[in-house]
Structure formats: structure tokens, C-alpha cells
Amino acid sequence: MGIAILSLVWSTSTRAANETEIAEHLIELVNIGRTVVLEHQATINDAAKADKGFTGEFMADEVMERFKKKTKIDLRIPNVVPHANTYVAMLEAEREVVDEAQPVINRQGVGFKGFLHAVFARRVGEHFYQKTGARMKLTGIDYRNSRSKPDDFELEVLRMFSDQRHPKGQVYARNTMVDGRPVLRVMDPEYAAVSCLSCHGVPKGERDITGMKKEGWKEGEFAGAISLVLPLK
């Protein structure tokens, strides 16, 4: 599936009703991809096996199928899907990231490959930006990678999410300006799942498999957010 670079910009007439829904669908697409990576982590890290079968095509098929089940949107027939180019750009970014990682994923004799769902998401965000000009990243107050460092807007919202008075799971969206241009900024809070705790749980300060210090998270605690910056006219 190929896709040309597109301009991800909505006019005033379409954005009020659609922009937040589009953002939520984009977040859903990347979250499905992260889940697929997480579910296949043991296969990816299998030192005894060379060809894992974990390809970009496999990723795209899984994402499309699960996205359809969640949203009733079938990206296999994009010509009947509103804003399909935007969603397909995200899907294509996910496919490309997995395809580019094939030499690492299929490296025999090596266990931990470093191809984690957070790494996947960061690379997908980079590819998506190149295709659309829209920015997506994982961010948090306790960030590990400098590219995940929150900007002032994100830090403000992260602090709001971490306040126990904020309704758990409630997305935050605001029309604002970035570099003199109107954008929609959307942040979706995330909470520590059991699968997060092997790297981010207790005891705090212990080194995880990546060599980083654990943050001491407990299941269900606020962990960070997905941040989207979508250009508007």
C-alpha cells in the first residue's frame, strides 16, 4: 500500500464536528499497533528463531481488522471512508516501521531486540509527521527519551490528568496556536497496565531489561499520554 505525502489540514466547516473524532481514531490506530507489538514481544525476542513472520503486512492486516471491529471503519475499502487518507497514512506508517525493523526483529542468536511498543510508537509518530505534518508522540512527566519530553502545553495537561479530580480516561482537546498556525491539540491519558510493570513498576530504581531505572508505577496509576497536534486552516 503506497501513499503520497498529504497535507493534513481541515477547514472551519469540517473541523468542528470531525477533528476530535479523527484524532481519537488516529490514537486508536496507533494503540492497536502498540498492542500487536506487545502481544508478539516474546516472538520478537526469540533468539532461536530467524524469520518471525512479524512483517509490516502482518501488522497492517491486524490493525485494519481490529480497527474495523472497534470503529466499524473498514480501511480495506478506503474510497468509502471519510478522511481515509489520514487514517491510511497512520496505517502505512505502522507498516513501514515494522518493515524497517525486519533485520532487528529477525536477528537470530539475540534475545532482547529493543523493539518495544514505545519504540514502535515513537517511530510511527516520526513517519506520520513526514507524511502529514501532524505530530504524534508518547509523553509523560516521567519521560525516558528526550523526544518524549513534554512541551509547556503537554506538561500542563499531564498535571491535570495526574490530578485525581480529573475523570479517569477523559481525553482533553483544545484549539490553539503553534508557531503562529492554528492547530487542534489532543491528549489521551494512559494508565499503567500489568504489561507495563516489568519495565516501569517496582521496586523503583531497579534496572529493567533496557537498563533504565524503573519508575515505581503500580497498576492503574496515571502513566502519561498520547499527544496529537493536528494542523487546521
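Readers should treat all values here as calculations from the given coordinates under stated rules, not as data from a laboratory. Since the model is a prediction, treat every value here as computed from it, not as a measurement. Here the Cβ positions follow ideal geometry from the backbone for every residue, glycine too, while neighbour counts run over all protein chains shown.
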Relative contact order (%) - the chain, alpha-carbon pairs under 8 angstrom, separation at least six: 22 percent
Averaging over every viewing direction, what projected area does the convex hull of the Cα atoms of the chain cover, in nm²? 13.3 nm²
Could you order the peptides 168-176, 134-142 from most to least packed, using the average number of other C-beta atoms within 10 Å per residue? 134-142, 168-176
Computed over the Cα atoms of the range 56-102, what is the convex hull's projected area averaged over all directions, in nm²? 3.0 nm²
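May I ask you to compute the full-extension gain from Ala193 to Ala50, defined as 0.36 nm times their residue separation minus their alpha-carbon distance, rounded to one decimal in nm?
That works out to 48.5 nm of additional length.
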At a 10 angstrom cut-off on C-beta neighbours, averaged per residue, how do the peptides 105-112, 224-231 rank from highest to lowest? 224-231, 105-112
